[in-house]
Structure formats: C-alpha cells, structure tokens
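Taking it in order: structure first as structure tokens, then the write-up.
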Amino acid sequence: MPKVQMTTLGYIETRESYLMLHRVKKEQDVNEGKWIGIGGKFEYGESPEECMIREAKEETGLAVTSMKFRGILTFICDKQDPEYICLYTIDGFSGQLKECDEGELLWVPKDEIFGLNLWEGDRIFFDLLQKDVPFFSLKLCYEGDQLLEAVLNGEKELVRTAKV
C-alpha cells in the first residue's frame, strides 16, 4: 500500500504575475522541466498554513503576510506515491527574493501561464483560480505526464490535452 503524502503548493501573485518555479535543478524529480508553484511536504506537527509559510520562506526568501486556501488537490501518478496537496494563492509578502535550490524562480505574467510547460491538470486549476472559483477539490490521475482523469468536486471533467 503506497504512503500518502501531505504537501502544499502555493502561487505568490501580484496583480499581473505569478512567481513560478521552473524545476530544472533536482535529480530524479517528477516535476523535472515543468513550471510549478512553491511548496513541499509537511513536517511533523505542521498545519497546512505553517507548512506553506515555511516552504515560501525556504524556497523564495519571502515572508508570507497574506494567503488564501483555494483548494485541495489529489495527485495520483504512477511515478510516485499519491499526494494530497493544499493549494494556496499568496497575495501578501515581504522581503527579498533569493535563489532557489530546486529550480529557477521567475515572475510570469498571468496571461502567459498557459504557454509554459505545465502539468495538464495545473491548467484546470489555473482556470479555476483565474475565474476566482471558491474552494474546490480537484483529483488528477496521471500515467507518466499524461492526464488520464480529472474530477472536480466529485464530477468528472473533460481531460484537456490542448494548450489554452
């Protein structure tokens, strides 16, 4: 029986941009070459918010001052154990951006996000974020990099394979 991981995923944002992490530095990384947000695994005793705040500071050098819990993602992939991911948007922060040892950090205009090398399921939740959908649950099932199934709030979604 696989061990289920609890993790966070956060997107630091300004009005025009998201801070994106291009995963190009870690070896044997399921996210290799993809553009994702920041975040990581819970440490013992951490709440989701504590984990997100710590991960933001570790990966970016920025201190979170305001964030919103946007949804829960269930990530099933044949390359790793399943994950429950607490998804946040972070609209308040202070400090200086630092270099990240997991990849390259870059402010990407929101209207250019869909042109990046994203997980296909990320396209679904970015669409939900852009539409300011209230809290949601999104289950994403992959074989390799191919999205096989997406279930939004218990309802199967059409799998989107084309870039928006």
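Annotations for the structure displayed:
Condition check ((1) in a loop (DSSP other than H, G, I, E, B); (2) open to solvent by 30 Å² or more (accessible area, probe 1.4 Å); (3) within 20 Å of residue 107 (Cα to Cα); (4) not hydrophobic (A, V, I, L, M, F, W, C)) across all residues:
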site	(1), (2), (3), (4)
2	yes, yes, no, yes
6	no, yes, no, no
19	no, no, yes, no
33	yes, no, yes, yes
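- Residue under evaluation residue 150, criteria (1) buried (at least 16 other Cβ atoms within 10 Å of the Cβ); (2) touching a helix residue (DSSP H, G or I) at 6+ places or on another chain (Cβ under 9 Å); (3) under 20 Å from residue 52 (Cβ atoms), criterion not met: (3)
- Test: residue in the range 41-50 that is open to solvent by 40 Å² or more (accessible area, probe 1.4 Å) and closer than 24 Å to residue 109 by Cα: no
- Matching entry among 77, 86, 141 (being touching a Phe, Trp or Tyr at 6+ places or on another chain (Cβ under 9 Å), within 21 Å of residue 26 (Cα to Cα) and open to solvent by less than 80 Å² (accessible area, probe 1.4 Å)): 77
- Sole residue being out of contact with any helix residue (DSSP H, G or I) (no Cβ under 9 Å at 6 or more places or on another chain) and either at pLDDT below 95 or farther than 21 Å from residue 95 by Cβ (or both), chosen from 57, 68, 25, 34: 25
- When the range 82-137 is limited to residues that are among the acidic types (Asp, Glu) and not in a helix (DSSP H, G or I), the one that is farthest from the chain's Cα centre (by Cα) turns out to be 99.
- Set 75, 69, 42, 93: member being of a type in the set (Phe, Trp, Tyr) and more than 24 Å from residue 151 (Cβ to Cβ): 93
The values are calculated or read from the model by the stated rules, or taken from the named source; none is laboratory data. Model, not experiment: these values are computed from the prediction. Here Cβ is always computed from backbone atoms with ideal geometry, including for glycine, and neighbour counts include all displayed protein chains. For the accessible areas, the whole protein counts, side chains as well, though only heavy atoms, and no ligand, DNA or RNA atoms are used. Shrake-Rupley method; radii C 1.70, N 1.55, O 1.52, S 1.80 Å.
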